[in-house]
Amino acid sequence: MLPGPKNLITDVPGILVGNAQDSVLKSGTTVLTADAPFTASVHVMGGAPGTRETDLLAPDKSVARIDALVLSGGSAFGLDACSGVMDALHGQGRGFPVGPARVPLVPGAILFDLLNGGSKDWDQNPYRALGRAAFEAAAEDFELGTAGAGTGALTAMLKGGLGSASLVLESGVTVGALVAANPLGAVTTPGETHFWAAPFEIGDEFGGIGPDRAAGLGRSLHSRKIEAIQTLGGATLPPERANTTIAIVATDAALSKAQCQRLATAAHDGIGRAIVPAHSPGDGDLVFAASTGARVLEAADAELGTLCHAAALCLSRAIARAVFHARPEPGDLLPCWSAP
């Protein structure tokens with residue numbers, strides 16, 4: 001398995017990603033779409049998710065395909081980004097046909113970035129417009145780090161961000177991951193040099209520093225993020241609720257909704273390998289899985305295990321790349337990662 005030519009989720013043929021962000025707001029939205037509706041499902045492992053239209057992605061629900069997936073900042077306000085994407089799709093005549101009407105299907109998930117140093121005193125919810133702008137920007141190339149849904153993201157010790165990675169399997173099937181990393185936990189080991197995901201790095205895609213050689217890691221729960229949020233929001237604010245890592249894994253392998261759900265479930269291993277701690281009660285950790293259906297698998301059940309493994313690897317690498325590519329902006333609460 002090697003990364004695709006872009007090392008992005010858009011190495012999956014037919015997948016497009018768009019970002020829109022506001023540097024004053026310190027927030028933004030990321031949209032994944034395709035030229036045609038695609039199969040998708042979801043799995044949630046965090047204790048505090050914020051979602052829209054995710055029930056229809058369960059394998060027993062009747063809707064077979066959707067039109068787009070949305071990752072957004074803004075906490076509950078950010079769910080309105082899905083409405084902006086629906087507006088744009090409706091304008092193109094896309095959506096699920098119901099007689100003469102068409103209803104675009106756009107599930108989404110949000111992360112909390114309301115206390116990150118950005119201005120949040122809007123008169124009108126900005127996320128509907130950000131969602132539409134992100135959809136209209138959808139392309140094969142897109143920015144990582146301080147962009148889209150990762151614009152205002154923070155990890156325990158460093159700025160978070162938007163990350164992506166891909167792998168092409170020996171069969172020719174492509175798997176990719178897209179993530180907005182805003183976790184309660186840390187993406188780097190103590191000292192903020194080494195990434196927890198370092199054993200899975202390919203080349204120098206997030207610095208090539210290698211694994212931390214220290215032992216006994218994982219016991220420190222020190223968090224600059226908690227300290228900064230409590231300074232902004234007051235000491236009584238429960239900062240353990242101000243987090244979340246939201247992600248999408250995608251493939252061109254033809255998968256059913258049930259198989260997509262298994263892909264999403266397995267991909268959570270990638271979060272657990274790249275963030276310590278992960279899946280806390282205050283994180284809304286969620287993974288969508290999408291299949292364009294372009295490649296029919298000869299032995300779907302046998303190959304699904306390899307796809308699940310690849311998805312987890314891609315997600316770990318994408319999380320590290322999100323932090324690696326974050327860039328400093330005025331008013332930041334936390335520093336960015338830097339090479340030793």
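The values are calculated or read from the model by the stated rules, or taken from the named source; none is laboratory data. It should be emphasised that the depicted structure is a prediction, and the values quoted were computed from it without experimental measurement. Every residue, glycine as well, gets a Cβ built from its backbone with ideal geometry; the counts of neighbours run over all protein chains shown. These accessible areas exclude ligands, DNA and RNA; they are computed on the full protein's heavy atoms, side chains included. Shrake-Rupley method; radii C 1.70, N 1.55, O 1.52, S 1.80 Å.
What to note about this one:
- The string of couplings for segment 156-167 from the Karplus curve (6.51, -1.76, 1.60, θ = phi - 60°) is 4, 10, 9, 4, x, x, 9, x, 7, 7, 9, 9 Hz, one whole number per residue in order, with x for Gly and Pro.
- For segment 89-165, the relative contact order comes to 18 percent (Cα pairs under 8 Å, sequence separation of at least 6).
- Burial order of peptide ranges 136-148, 109-121 (average beta-carbon count within 10 Å, highest first): 109-121, 136-148
- With the highest mean first, a sort of the peptides 213-224, 50-61, 124-135, 151-162 on other beta-carbon atoms found within 10 angstrom per residue produces 151-162, 124-135, 50-61, 213-224.
- In sequence order, calculated HN-Hα J values of segment 28-35 (Karplus, 6.51, -1.76, 1.60; Hz; x Gly/Pro): x, 9, 10, 10, 10, 9, 8, 5
- From phi via Karplus (6.51, -1.76, 1.60), per-residue ³J(HN,Hα) for segment 6-15 in Hz, x at Gly/Pro: 9, 6, 10, 4, 6, 5, 6, x, x, 8
- Distant-in-sequence amide contacts of ALA186, defined by a placed amide H-H separation under 5 Å and a gap of 5 or more residues or a different chain, comprise ALA156, VAL276.
- Among the helices of the chain, those built from whole DSSP H runs whose Cα atoms reach 15 Å or more along their own axis and whose mean Kyte-Doolittle hydropathy is at least -1.0 are 81-91, 257-274, 300-324.
- The packing ranking, built from the mean of other Cβ atoms within 10 Å per residue, places the peptides 1-9, 14-22, 204-212, 274-282 in the order 14-22, 274-282, 1-9, 204-212, highest first.
- Over segment 181-340, accessible surface divided per residue gives 41 Å², non-protein components excluded, 1.4 Å probe.
- Within the chain, DSSP assigns beta bridges of which about 80% are antiparallel (rounded to the nearest 5).
- Cross-link partners of LYS225 among lysines (Cα-Cα below 22 Å; sequence separation of 8 or more within a chain): LYS26, LYS120, LYS159
- Apolar share of the accessible surface for segment 82-227: 52 percent from carbon plus sulfur atoms, 1.4 Å probe.
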